[in-house]
1. Note down the nm distance, to one decimal, between modelled labels 7 Å out along Cα→Cβ at Ile207 and at Ala224.
2. In region 101-152, what is the volume of the convex hull around the alpha carbon atoms, normalised per residue and reported in Å³?
3. Counting alpha carbon pairs within less than 8 Å and at least 6 residues apart, what relative contact order, in whole percent, applies to the chain?
4. Based on the inverse mean of 1/r over its pairs of different Cα atoms, what is the Kirkwood hydrodynamic radius of region 206-267, in Å?
5. Could you tell me the center-to-center distance, by alpha carbons, between region 42-116 and region 171-227 in angstrom?
6. Under a point spin-label approximation (7 Å from Cα along Cα-to-Cβ), what is the Asn167-Ser96 distance to one decimal in nm?
7. Farthest toward the dipole's positive end in the chain, which of Ala256, Met63, Ile162, given Cβ charges of +1 (Lys, Arg) and -1 (Asp, Glu) about the Cα centre?
8. Kindly provide the helix-only [θ] at 222 nm of the chain, computed as the sum of -39,500 (n - 2.57) over DSSP H runs of four or more divided by all residues, to the nearest 500 deg cm²/dmol?
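Just so you know, all these numbers are worked out from the coordinates, no wet-lab data involved. These numbers were taken from a predicted model, which means no experiment stands behind them. Positions of Cβ are backbone-derived with ideal geometry, glycine not excepted, and every protein chain shown enters the neighbour counts.
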Amino acid sequence: MTTSLRVIALALLVAAAPLAAAPVALAQNKGVIVVANDLPITEYDITQKRNLLKILGSNADGMSSKEILHSLVNDVVKLAEAKRMRSEPTRGDIDSQISRIAKNMKMDSDGLLSRLKDRGVATEFFRRYVAAQIGFNRVIGAQNKQEAKVSDADVDRKMAEIKASMNAQLNKILSDPRMKPVTVMQLIEIDLPVESDDPGLLQARAIEAQQVMQQFKSCKNARAAASGVFNVKIGKTLEADAAKLPPQLRQALTTAGPGRAIGPLRGPRGLQLIGYCGSRKITPPKPKIEMPTRDQVKNSLINEKYAAIEETYLKEARKHVYIEYRDQSFAQQ
C-alpha cells in the first residue's frame, strides 16, 4: 500500500469510528518509546521482556531499561533479517523450540506459557522472541560457520587460562585465616547452687565441689562424679574455640589437662566447676573446584565467537530497518 493510500485508509477508519473510541486509541499509543519497522515498542514491552528474561534465567534485574529496549529493537532487526534472508521459522519450528525450552525448565509447553502469562508476558510476545532467535541464528550460522570454528589449540589455551585462574582463586581462599585449623576445647559446666551468702554454706558447697572434682574423669561421667551431692546442675557438653577463651581460663584448663575439672569458681548462683573433656582440631573443608570439560570450554568459545559475530552483524543489519525513537532519552549513542 502506498503512503497516500495508507493516509486515505486511515482517514476513512477514523471517520467511521465512534467518538468514544478516541480515548482507547490514545491509551494504546501511550508509552510508545520507539517504532521499529512499523512495530511500536512501549514501556509495557520493556516490562514483558524483563520478566521473560528473568524466567529464562537471565540477570535481567541488572539490566537498565535502555538495555532492555535495545534488545527489543534487536529482536525486530533479527526478524527482519531472517525474512530478508528467507530464514524465517515456521510455526512448527517455534512450537518445537518452545517445547525444548520448557523441557530444560522441567515443565511442558503449556506450563511454561501459563507461567509466562502469570508474570505478564503475552504468548505472542514470547513466540515473536523465539522466532527472532531461531531465524537470526540460522542467518549467522549459515554465513559464519568458518569464522566460528574453534581449534584444539584455542581450547588448550582457554583450559590453561581457566586452570590458572582457578588455582589463583583456590590459593587465595586457602590463605584466608578462616581456613586455618582451629583447636576447640570440649567443656562442661557443673553448677552447685548456693541459696544464700552464708559463709558456712559456701564452705560446705566448696567441700562438695572438691569431691566432684576428684571424681570427675570425663564429660560422660560428670553425672556419676556428682552422685550423692545435693542439687547439682550438669550442663551440656560444649565446644569452645581455644583462641577465644580468656587467657587465664585457657591456661588453667591446659594445666589441668583433659579429664580434669577446674574450680570451684564463684558464679552468680553459687559455685561452678568447669570440666575439661578433651580437645580436637577442626580444619575447614577445602572448596571443591571442578575444571570444565573440553567440550564445555569449546562450546563456550564458539558461543563467544558467535556473540561477537552477532553484535557486528546486528549493527550492519540495523541499516535495513526503519527505527524511530519517540523518546530520545532511550536512543542509542
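1. 2.6
2. Expressed per residue, the convex hull around the Cα atoms of region 101-152 is 105 Å³.
3. It comes to 23 percent, rounded to a whole number.
4. 12.7
5. 65
6. In this crude spin-label approximation the distance works out to 4.5 nm.
7. Checked the options; the winner is Ala256.
8. -17500 deg cm²/dmol
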